Structures are given as structure tokens and as C-alpha cells.
1. Confirm whether residue 121 is at pLDDT below 95, under 25 Å from residue 250 (Cα atoms) and not assigned by TED's automatic domain parsing to the domain that holds residue 88.
2. Tell me whether region 161-178 contains one or more residues that are under 27 Å from residue 253 (Cβ atoms) and touching a residue at least 12 places away in the same chain (Cβ under 8 Å).
3. Yes or no: region 87-100 includes at least one residue that is touching a residue at least 60 places away in the same chain (Cβ under 8 Å), surrounded by fewer than 15 Cβ atoms within 10 Å (Cβ to Cβ) and within 14 Å of the ligand (Cβ to nearest atom).
4. Might you let me know whether region 48-67 holds any residue that is surrounded by fewer than 22 Cβ atoms within 10 Å (Cβ to Cβ), at pLDDT 95 or above, more than 16 Å from the ligand (Cβ to nearest atom) and closer than 14 Å to residue 87 by Cβ?
5. Give 43, 64 a once-over and let me know the one that is at negative phi, within 18 Å of the chain's Cα centre (by Cα) and without any contact (Cβ under 8 Å) to a residue 40 or more places away in the chain.
6. Considering only residues that are in a strand (DSSP E or B) and touching a helix residue (DSSP H, G or I) at 6+ places or on another chain (Cβ under 7 Å), look in region 162-180 and name the one that is surrounded by the most Cβ atoms within 10 Å (Cβ to Cβ).
7. Only one of (1) within 22 Å of the chain's Cα centre (by Cα); (2) assigned to a loop (DSSP other than H, G, I, E, B); (3) at pLDDT 95 or above fails for residue 109. Which number is that?
8. Picking from 110, 75, which residue would you name as being within 11 Å of residue 8 (Cα to Cα), crowded, with 21+ Cβ neighbours inside 10 Å and touching a helix residue (DSSP H, G or I) at 6+ places or on another chain (Cβ under 7 Å)?
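The values are calculated or read from the model by the stated rules, or taken from the named source; none is laboratory data. Everything quoted here is computed from the prediction, not taken from an experiment. A quick note on method: Cβ atoms are made from the backbone with ideal geometry, for glycine too, and the neighbour counts reach across all protein chains shown.
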Ligand SMILES: NC(=O)c1ccc[n+]([C@@H]2O[C@H](COP(=O)([O-])OP(=O)(O)OC[C@H]3O[C@@H](n4cnc5c(N)ncnc54)[C@H](O)[C@@H]3O)[C@@H](O)[C@H]2O)c1
């Protein structure tokens with residue numbers, strides 16, 4: 001397969017901007033496509049700011065940031081956007097019907113060699129593989145927040161070709177990301193699968209009143225030597241999201257402990273305590289107790 005040089009980003013929102021910026025900073029030609037012209041214009045303002053954050057955080061060099069935006073163009077014309085793309089990275093809303101429709105239309109526009117990837121958080125690639133019109137050249141390629149991490153999941157479906165996987169892996173390395181390859185598809189990527197188990201265990205301990213929220217976090221922080229524990233992480237994700245995911249699995253599995261965990265988080269959500277974004281969750285912000293040096297000594 002030819003080397004990937006032209007990347008088409010579908011959806012210029014939160015993730016499309018980050019992925020597009022990362023590709024451009026690594027020397028690739030990037031086209032941002034969105035149905036909203038306003039979103040595209042906004043992306044051109046936000047992307048240089050993403051670059052600044054990444055330079056400050058040591059994620060990319062100053063030189064890489066300097067030329068990045070010259071390689072980014074915006075487009076609302078699907079034909080123009082797709083005609084010479086080597087790879088599509090899709091970040092439109094998490095709706096399988098919408099993603100299927102958009103991929104199907106680009107299948108009629110893009111050259112044969114174009115590889116299609118989706119940044120879906122929760123869908124299995126096989127749910128939309130047939131609808132893309134090129135299932136052998138399709139897989140999930142899932143980014144985390146590129147401003148802070150370079151870990152990327154590659155999740156094939158049973159029909160993804162070996163050549164496609166190899167080309168995606170090469171692309172991931174080329175854009176200075178670290179590929180985590182799932183050998184088969186499953187609900188949840190590698191880190192997310194482990195993190196959800198950690199959250200479930202922490203909530204089980206707290207909802208059964210085995211240990212306090214603070215002590216559960218202290219146990220994790222003290223042994224793993226991390227600046228934050230599971231409840232602090234849940235606060236930064238947002239307790240509404242944590243509750244929705246917990247509730248989804250409680251309904252799907254009918255597991256009584258998952259239901260108890262869901263109810264436990266729901267009490268915080270109902271009280272308006274949504275985590276960092278509302279100023280209060282399991283802890284109070286902007287200065288949560290676990291920031292204090294006394295926290296690990298157990299002093300309240
Ligand atoms: N936000 C995250 O932290 C995160 C992390 C990993 C993966 N994801 C996944 O990435 C995808 C996008 O998430 P996001 O947070 O960037 O969403 P977002 O809402 O910030 O951006 C979505 C963009 O898609 C555009 N869009 C909608 N319909 C379109 C269409 N038919 N054609 C072209 N553009 C269209 C919207 O105008 C918007 O600009 C989702 O599948 C999500 O699950 C999100």
C-alpha cells in the first residue's frame with residue numbers, strides 16, 4: 001500500500017481538531033471536512049491553540065508547530081475533500097446510522113486505496129463495516145486526548161485486511177503516536193477496559209461502605225505512586241458520564257452490584273455534583289483534598 005500523505009478528517013469538532021493538528025505537525029497534508037462551515041472556521045482558530053499547549057507540554061517541538069497550520073485546509077465540499085485522500089479519520093457524532101451514511105458517501109468519492117478509520121468511542125467497527133462499502137480497508141483507530149498522550153488503539157473487525165492493519169500501524173507511528181493493537185474487536189479499547197474495571201472496583205468498595213472514598217483513593221495513590229486516585233479521575237471525566245456508562249452496563253448485565261454502583265453515582269448527579277466541571281463531585285474543586293500534602297497522612 002502507498003505511503004499515507006493526505007489525511008481527510010471528517011468532523012472538525014473536539015477530536016477532529018486534535019487529530020488533524022497532530023497529523024499536520026508531523027508533516028502530513030490535512031483536509032478538515034465538516035457539514036458546518038462555522039465548525040471549520042472555529043477549528044482554524046482552536047488548532048493553533050492546541051499546538052501551543054502541545055509545545056508547552058513538550059508533546060511536539062516548536063519547529064513542528066510552526067509549519068503545521070500551513071498544511072491544513074478546510075472544506076465543505078465532499079467531492080473536493082475526498083478525491084485524493086489516502087486515509088480518512090472520522091470524528092463525527094457517535095451515531096452508527098450517521099457514520100454509516102457518511103462513510104458510504106465517501107466510498108463513492110475516494111480512490112480505491114483510501115483507508116477508512118473511525119474514532120468511535122463505543123461502537124464496534126463490524127457494526128458499520130459493510131456500510132462503508134470497503135470493509136477490508138476499514139478499522140477503528142481511536143485517539144485519546146493528543147494534547148496529553150500519544151497512545152492510540154487500533155481495533156480491526158473480522159474483515160479488516162492484514163495490509164490495511166499494517167498501513168494503519170505505519171500511519172500511527174508516522175504521526176508520532178504509540179499503536180496499541182487489539183487482535184480482535186470487543187466493546188472497549190485496551191486502556192478503557194482496564195479503567196472501567198478499576199472504577200467498578202472502587203465504586204463497589206464505596207457503595208458497600210467497605211472503605212471511604214478518600215481511603216480508596218489513598219490506597220491507589222500510595223501504592224501506584226499516582227497524583228490522583230480512581231474517584232479523583234471520575235471527577236475529571238464527569239460523574240454524569242460515569243453514571244451513564246455504569247447504568248448502561250447495569251441494564252445490559254442485570255448485575256445487582258453494577259446497579260448498586262450506578263445508584264451510588266446517581267446520588268451525586270441528582271444533587272448537581274458532576275465533578276470538576278461543576279466545582280464539586282466526590283471532592284471539591286479547584287483545590288481537591290488530594291492536592292494537599294496532608295491527604296496521604298489521612299489528615300482531613
Ligand atoms: N471527545 C472525546 O473525548 C472523544 C475521545 C475519543 C473518541 N471520541 C469519539 O470521536 C467522535 C467525535 O467526538 P467529538 O467529541 O469530537 O464530537 P464533536 O461534537 O466535538 O464534533 C463532531 C463534529 O462533527 C460534525 N458533523 C456532524 N455531522 C456531520 C456530517 N454528517 N458530516 C460532517 N461533519 C459532521 C459536527 O459539525 C461537529 O463539528 C465520536 O464518535 C466520539 O465518540 C470522542
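1. On the way: at pLDDT below 95: yes; under 25 Å from residue 250 (Cα atoms): yes; not assigned by TED's automatic domain parsing to the domain that holds residue 88: no.
Spelling it out, it is not the case that residue 121 is at pLDDT below 95, under 25 Å from residue 250 (Cα atoms) and not assigned by TED's automatic domain parsing to the domain that holds residue 88.
2. Filtering region 161-178 for residues under 27 Å from residue 253 (Cβ atoms) gives none.
No, region 161-178 contains no residue that is under 27 Å from residue 253 (Cβ atoms) and touching a residue at least 12 places away in the same chain (Cβ under 8 Å).
3. Checked region 87-100: at least one residue is touching a residue at least 60 places away in the same chain (Cβ under 8 Å), surrounded by fewer than 15 Cβ atoms within 10 Å (Cβ to Cβ) and within 14 Å of the ligand (Cβ to nearest atom).
4. no
5. 43
6. 179
7. Condition not satisfied by residue 109: (1).
8. Values: 75 fails: crowded, with 21+ Cβ neighbours inside 10 Å.
Answer to the selection: 110.
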